[in-house]
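The values are calculated or read from the model by the stated rules, or taken from the named source; none is laboratory data. What you see is a predicted model, and the numbers here were worked out from it, not measured in a lab. As a convention, Cβ positions derive from the backbone with ideal geometry for all residues, glycine included, and neighbour counts pool all protein chains shown.
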Amino acid sequence: AQTVTQSQPEMSVQEAETVTLSCTYDTSESDYYLFWYKQPPSRQMILVIRQEAYKQQNATENRFSVNFQKAAKSFSLKISDSQLGDAAMYFCAYRIEDYGGATNKLIFGTGTLLAVQP
Amino acid sequence: SQTIHQWPATLVQPVGSPLSLECTVEGTSNPNLYWYRQAAGRGLQLLFYSVGIGQISSEVPQNLSASRPQDRQFILSSKKLLLSDSGFYLCAWSGRGKGNQPQHFGDGTRLSIL
């Protein structure tokens, strides 16, 4: 069964600095999709970035980028030039392919709480 | 554009009372729909998902049930709430088929059982 592990329950970063959040996963599939979601204190879940396993190029969205290491089954999130608004819980998620892709279920890690210090 | 509505935002219920949380999606048709529960300080646990009207799959045995009476409506219910049902409940939708389609979440319902 697929699992997602986030080994850092909490992280802290100074404003304007860079921080990397770790995520590892376990799967026997060769084609899959990975996501990072952000949950600020408002509790709304916001998609940050997504990565297709068949793409070697790491995904980038403005200040957010990933380091996708397929062989190591690692999917870390790098936040550059951290801002106070980046403070949130960050969840890594793995998409399960089921029924030919019909269901699009996600398996989430337990999250990393990021604090941004002014 | 697509939007997802979930209500109520907050609910306080006594043990043993019934529950009904509603979720609706606008701007898309035939979405996949999901109910998650998030316990305090924990990750998201998938409770139910649905690929069509009347089609419900349960991920974990529990005191809750789900129904999908219309294409874009997803309801989470209980006949008798337990203390352990307290938590933050999130509804989500996604497109269907292969690809990097993400799930889009509602604003959630904070449920407290007294």
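Assorted remarks:
Each row is one residue, and each column tells you yes or no for (1) at pLDDT 95 or above; (2) over 28 Å from A:Thr112 (Cα atoms); (3) in contact with a helix residue (DSSP H, G or I) (Cβ under 7 Å, 6 or more places away or on another chain).
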| residue | (1), (2), (3) |
| --- | --- |
| B:Val15 | yes, yes, yes |
| B:Pro18 | yes, yes, no |
| B:Cys23 | yes, no, no |
| B:Ala39 | no, no, no |
| B:Gly43 | no, no, no |
| B:Leu46 | no, no, no |
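- Within the stretch B:68-109, being of a type in the set (A, V, I, L, M), surrounded by 15 or more Cβ atoms within 10 Å (Cβ to Cβ) and part of a loop (DSSP other than H, G, I, E, B) holds for one residue alone: B:Leu81.
- The requirement of being out of contact with any helix residue (DSSP H, G or I) (no Cβ under 9 Å at 6 or more places or on another chain) and within 13 Å of chain B (Cβ to nearest Cβ) is satisfied by A:Leu113.
- Total residues in the stretch A:28-54, condition within 20 Å of B:Ala39 (Cα to Cα) and basic (Lys, Arg): 2
- Residues being buried (at least 19 other Cβ atoms within 10 Å of the Cβ), facing another protein chain (nearest Cβ under 10 Å) and not polar (S, T, N, Q) - total across the stretch B:44-56: 3
- Residues satisfying the stated conditions in the stretch A:1-27, i.e. touching a residue at least 40 places away in the same chain (Cβ under 8 Å) and not in a strand (DSSP E or B): A:Gln2, A:Gln6, A:Gln8, A:Pro9, A:Glu15, A:Ala16, A:Glu17, A:Thr18, A:Ser22, A:Cys23, A:Thr27
Results for (1) out of contact with any Asp or Glu (no Cβ under 9 Å at 6 or more places or on another chain); (2) modelled with pLDDT under 95; (3) hydroxyl-bearing (Ser, Thr, Tyr), shown as yes or no for each residue.
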site: A:Lys38; (1), (2), (3): no, no, no
site: A:Arg43; (1), (2), (3): no, yes, no
site: A:Glu52; (1), (2), (3): no, yes, no
site: A:Ile79; (1), (2), (3): no, no, no
site: A:Leu84; (1), (2), (3): no, no, no
site: A:Met89; (1), (2), (3): yes, no, no
site: A:Gly101; (1), (2), (3): yes, yes, no
site: A:Ile107; (1), (2), (3): yes, yes, no
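- Looking across the stretch A:44-71 at every residue that is among the aliphatic types (A, V, I, L, M) and within 11 Å of another protein chain (Cβ to nearest Cβ), the one that is nearest to B:Asp107 (Cα to Cα) is identified as A:Met45.
- Members of the stretch B:26-49 found to be free of Cβ contacts under 8 Å to residues at least 40 places away in the same chain and within 14 Å of B:Gly95 (Cβ to Cβ), listed by number: B:Gly27, B:Tyr49
- A search for C-beta distances below 6 Å between a residue of the stretch B:93-104 that is farther than 16 Å from B:Ile56 by Cα and more than 7 Å from chain A (Cβ to nearest Cβ) and any residue that is in a loop (DSSP other than H, G, I, E, B) and modelled with pLDDT of 75 or more, counting only pairs 6+ apart in sequence or on different chains, returns B:Gly95/B:Gln101.
- Single residue of the stretch A:28-43 satisfying the filter (touching a strand residue (DSSP E or B) at 6+ places or on another chain (Cβ under 7 Å) and assigned to a loop (DSSP other than H, G, I, E, B)) that is farthest from the other protein chains (Cβ to nearest Cβ): A:Pro40
- B:Ser112 being in a helix (DSSP H, G or I) and either at negative phi or of a type in the set (D, E, K, R) (or both): no
- Subset of the stretch A:23-80 that is among the small types (Gly, Ala, Ser) and under 25 Å from A:Glu10 (Cβ atoms) - its residue that is surrounded by the most Cβ atoms within 10 Å (Cβ to Cβ): A:Ala59
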